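Have a look at the structure below before the remarks.
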Amino acid sequence: MLCVVGIAGCSSSPANSPQPPGSLPPTTAQMTVNGKSEGTTRAVRCEQDGWAHTVTIGTEESGATFVVNTGGKITAQRVDITNVGGFTGSFYADHIGKAEASVAGTTFRVNGTVEGATTEDPNKRTTANFDIKANC
């Protein structure tokens with residue numbers, strides 16, 4: 001006589017874990033330049049090389065790229081803003097502008113000041129405040 005016993009298990013899809021405060025939904029970004037919000041976009045590309053995370057938002061014609069180092073202390077290394085709210089400018093650690101970086105879950109945030117120019121007066125150097133969040 002042959003007896004077969006089966007074991008049935010129940011499983012369900014794991015619930016989405018709640019995002020920590022200050023984070024964004026996956027593959028979204030938000031940018032504000034001089035207090036003007038550019039809204040939320042899904043045009044987000046992320047790369048990692050060691051501790052350096054490079055995040056690109058938008059397009060070559062209008063967007064931003066930033067580099068955050070997460071080894072030890074989290075620091076902003078570079079920010080390039082291209083034609084966002086009519087402003088184009090840059091931050092380079094220890095050289096141009098000022099910026100801070102933080103991470104909430106998988107959302108990177110960089111904020112501070114960049115130096116550059118507006119499309120209205122491209123020959124006049126000026127600064128702009130910025131706040132960028134992107135979830136990789």
Quiz item: Only one residue in 128, 43 is over 21 Å from residue 21 (Cα atoms) and surrounded by 16 or more Cβ atoms within 10 Å (Cβ to Cβ), so which one is that?
Solution: 128
Quiz item: Of the conditions (1) part of a loop (DSSP other than H, G, I, E, B); (2) under 14 Å from residue 31 (Cβ atoms), residue 130 fails just one. Which one is it?
Solution: (1)
Practice problem: Looking for whichever is modelled with pLDDT of 95 or more and more than 15 Å from the chain's Cα centre (by Cα) here; the options are 50, 72, 6. Which one fits? | Solution: 50
Practice problem: Filter segment 104-131 down to the residues that are in contact (Cβ under 8 Å) with a residue 60 or more places away in the chain and of a type in the set (D, E, K, R), then identify the one that is farthest from residue 84 (Cα to Cα). | Solution: 109
Practice problem: May I ask you to list pairs of residues, at least six apart or on different chains, whose Cβ atoms are under 6 Å apart, with the first in segment 49-69 being within 16 Å of residue 33 (Cα to Cα) and the second being outside any strand (DSSP E or B) and modelled with pLDDT under 95? | Solution: 58/43
Quiz item: How many residues are within 18 Å of the chain's Cα centre (by Cα), over 13 Å from residue 65 (Cα atoms) and not polar (S, T, N, Q) if we restrict to segment 98-124?
Solution: 8
Quiz item: Which ones in segment 88-102 are part of a strand (DSSP E or B) and of a type outside the set (Gly, Ala, Ser)?
Solution: 88, 91, 92, 96, 98, 100
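The values are calculated or read from the model by the stated rules, or taken from the named source; none is laboratory data. Keep in mind the model is a prediction, meaning the values are calculated, not measured. So basically every Cβ, Gly included, is an ideal-geometry build from the backbone, and we count neighbours across all protein chains shown.
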